[in-house]
Amino acid sequence: MTAAPGRHPLSTTAEEDVRALFGRSDAVFASLLGPTHLVETANPAFLAALCEDRAHVGAPLAALLPEPLGRSFVALLDDVYRTGEPRIDRDVRIVLDSGPRAREAFFDLTCEPRHDTDGGVIGVRVVGIETTQVRHAQHLMAEQRALLEQIARQAPLADVLDGMARCIENLAPQEVLVSVLLADSDGAHLNHGAAPSLPDFYNRAIDGIATGEGIGSCGTAAYRRAPVIVTDIACDPFWDDFRDLAERADLAACWSTPILALDGSLLGTFAMYHRVPRVPQGTDLALARIFAHTAALAIERHHNERARRDAEAEAKAARDELAEAVRSERALRAEAEQRAATAAELAARIRTAAAAQVVLPHPEHCQLGGADGCTEPAELKVADSWGDAAWGCPAHVEEAIVHVRSAFVASEELGGLAAYVNRRPA
């Protein structure tokens, strides 16, 4: 399928999913007879919505609706039959069927009394529109808008996914338990994202499961990058390693949809669990696709934001490292300049002292060479505060001044630097 210019390729699918979820609302009509509201005539939409079978024509309406689930509707008809006054009621709630197949429906109804030739009430005429789809659509749009606002506000991913899971559980016509697992960076494992209605022991057990063929519904869906529908966990080989765990959690079916980024990379999985074996309907699959897309937006936004923060942190660390390097370089340069200045000053002092001491009596060779001696001519005399003094060559004099505490160029006759003169090389 080729997308229209300016339209994302998913747009058509999204529109089709919304239509599959909510479709269009047909008008319902029925003519009921007597105090028990026998179904005398009814259009197909009425029978499909309330009775699901034309064979129910002629039966009391109350018998077609499970008690007490249809009591509010029957009470409305009783009131019109008793008073002879028409009633217009909006969003009349009727729960159809019972047990696992039970579903909630809403109708805008106009109920008018039917009269015989003498004016007596003989029945009720019902005309209405089912508003279930409209209510669910409004609810879905509101929830979607709230989730998108959370994503735009950069709410924590866990909060967005938890809210999404609860929203789906509330929207679904039958009991469903929603789970979102998040793929790690290499797509090899799935980690807990959100599952507000699943038992904690179950969430802990599947946290970190591998992706791969036959690893439950979610591991397989992640590996295949395609939905995996397990309608009965008790007999599906994908669940061989997890069947006991699912039984402990009272789970009987699991439909998993991969959550994919725009580039097709794996972001996670979106799963719908059921407590009884179930085959998905078109509306179930549409709901899964819609919210898998919403989850993808949230997860990708989270990844992008985390990548942005990481990049900013790395950039700041690089700037800090560069600033520290600049400070260290400046300090080293200052220290080197100080050492150069000190060395120049010492060299100047040595030259000046050598010129002044050249006329003084002094030994022929340097006395500062240590135990190995030094054959260089003695040119300078150094001394320390202990009263020791010695003559040496310029190199050893400079070394002595650097290494011997309080040593200095002597300006008069003093004793020798005995400890330094007799030192042994390190």
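For the range 192-216, name all the residues that are crowded, with 19+ Cβ neighbours inside 10 Å and of a type in the set (Phe, Trp, Tyr).
Answer for the range 192-216, where residues must be crowded, with 19+ Cβ neighbours inside 10 Å and of a type in the set (Phe, Trp, Tyr): just 202.
Could you tell me how many of the residues in the range 235-275 are farther than 20 Å from residue 203 by Cβ and open to solvent by 70 Å² or more (accessible area, probe 1.4 Å)?
Total satisfying the criteria: 5.
Name the pairs: first residue in the range 231-260 and of a type in the set (D, E, K, R), second residue assigned to a strand (DSSP E or B), Cβ to Cβ under 6 Å, at least 6 apart or on different chains?
Between residues of the range 231-260 that are of a type in the set (D, E, K, R) and residues that are assigned to a strand (DSSP E or B), the close pairs are 236/230.
Determine whether the range 41-48 contains at least one residue that is more than 22 Å from residue 281 (Cα to Cα), modelled with pLDDT of 70 or more and not in a loop (DSSP other than H, G, I, E, B).
Yes, that holds for at least one residue.
Of these, 395, 340, which one is modelled with pLDDT of 85 or more and more than 60 Å from the chain's Cα centre (by Cα)?
Of the residues listed, the single one that is modelled with pLDDT of 85 or more and more than 60 Å from the chain's Cα centre (by Cα) is 395.
What are the pairs, 6+ residues apart or on separate chains, where a residue within the range 339-362 that is on the phi > 0 side of the Ramachandran plot has its Cβ under 7 Å from a residue that is modelled with pLDDT of 85 or more?
As it stands, the answer is none, since no pair meets every condition given.
Pull up the range 171-191, narrow it to residues that are at pLDDT 80 or above and closer than 26 Å to residue 283 by Cα, then point me to the one that is surrounded by the fewest Cβ atoms within 10 Å (Cβ to Cβ).
Filtering the range 171-191 for residues that are at pLDDT 80 or above and closer than 26 Å to residue 283 by Cα, the one surrounded by the fewest Cβ atoms within 10 Å (Cβ to Cβ) comes out as 175.
Would the range 162-174 turn up any residue that is in a loop (DSSP other than H, G, I, E, B), in contact (Cβ under 8 Å) with a residue 60 or more places away in the chain and under 19 Å from the mean Cα position of the chain (by Cα)?
Looking through the range 162-174, none of the residues is in a loop (DSSP other than H, G, I, E, B), in contact (Cβ under 8 Å) with a residue 60 or more places away in the chain and under 19 Å from the mean Cα position of the chain (by Cα).
Residues being among the hydrophobic types (A, V, I, L, M, F, W, C), free of Cβ contacts under 8 Å to residues at least 40 places away in the same chain and surrounded by 15 or more Cβ atoms within 10 Å (Cβ to Cβ): count how many of those fall in the range 217-230.
The total comes to 2.
When the residues of the range 49-77 are narrowed to those that are part of a loop (DSSP other than H, G, I, E, B) and of a type in the set (Gly, Ala, Ser), which ends up modelled with the highest pLDDT?
Residue satisfying both the conditions and the ranking: 59.
Restricting the first residue to the range 120-146 and requiring it to be among the hydroxyl-bearing types (Ser, Thr, Tyr), which pairs with a second residue that is outside any helix (DSSP H, G or I) and open to solvent by 30 Å² or more (accessible area, probe 1.4 Å) meet a Cβ separation below 7 Å and a spacing of at least six or different chains?
131/25; 131/91; 131/108
Taking the range 16-30 as the search range and keeping residues that are buried (at least 18 other Cβ atoms within 10 Å of the Cβ) and assigned to a strand (DSSP E or B), which one is modelled with the highest pLDDT?
30
For the range 294-315, give me each residue that is within 13 Å of residue 151 (Cα to Cα), surrounded by fewer than 20 Cβ atoms within 10 Å (Cβ to Cβ) and not polar (S, T, N, Q).
Those that are within 13 Å of residue 151 (Cα to Cα), surrounded by fewer than 20 Cβ atoms within 10 Å (Cβ to Cβ) and not polar (S, T, N, Q): 296, 297, 300, 301, 303, 305.
Restricting to the range 138-160, and then to whatever is more than 19 Å from residue 300 (Cα to Cα) and surrounded by 15 or more Cβ atoms within 10 Å (Cβ to Cβ), can you tell me which residue is farthest from the chain's Cα centre (by Cα)?
Ranking the candidates gives 140 first.
Can you tell me how many residues within the range 241-285 are aromatic (Phe, Trp, Tyr) and outside any strand (DSSP E or B)?
Selection size over the range 241-285: 1.
Output the number of the condition that residue 286 fails; it satisfies all remaining conditions of (1) more than 24 Å from residue 174 (Cα to Cα); (2) touching a Leu at 6+ places or on another chain (Cβ under 6 Å).
(1)
Kindly provide the set of residues from the range 353-372 that are open to solvent by less than 40 Å² (accessible area, probe 1.4 Å) and assigned to a loop (DSSP other than H, G, I, E, B), ordered by number.
Of everything in the range 353-372, those that are open to solvent by less than 40 Å² (accessible area, probe 1.4 Å) and assigned to a loop (DSSP other than H, G, I, E, B) turn out to be 366, 368, 369.
The values are calculated or read from the model by the stated rules, or taken from the named source; none is laboratory data. This is a predicted model, so every value here is computed, not measured. Methodologically, a virtual Cβ is constructed for each residue, glycine included, from the backbone with ideal geometry; neighbour enumeration extends over all protein chains shown. The accessibility values were calculated without ligands, DNA or RNA, using every heavy atom of the protein model including side chains. Shrake-Rupley method; radii C 1.70, N 1.55, O 1.52, S 1.80 Å.
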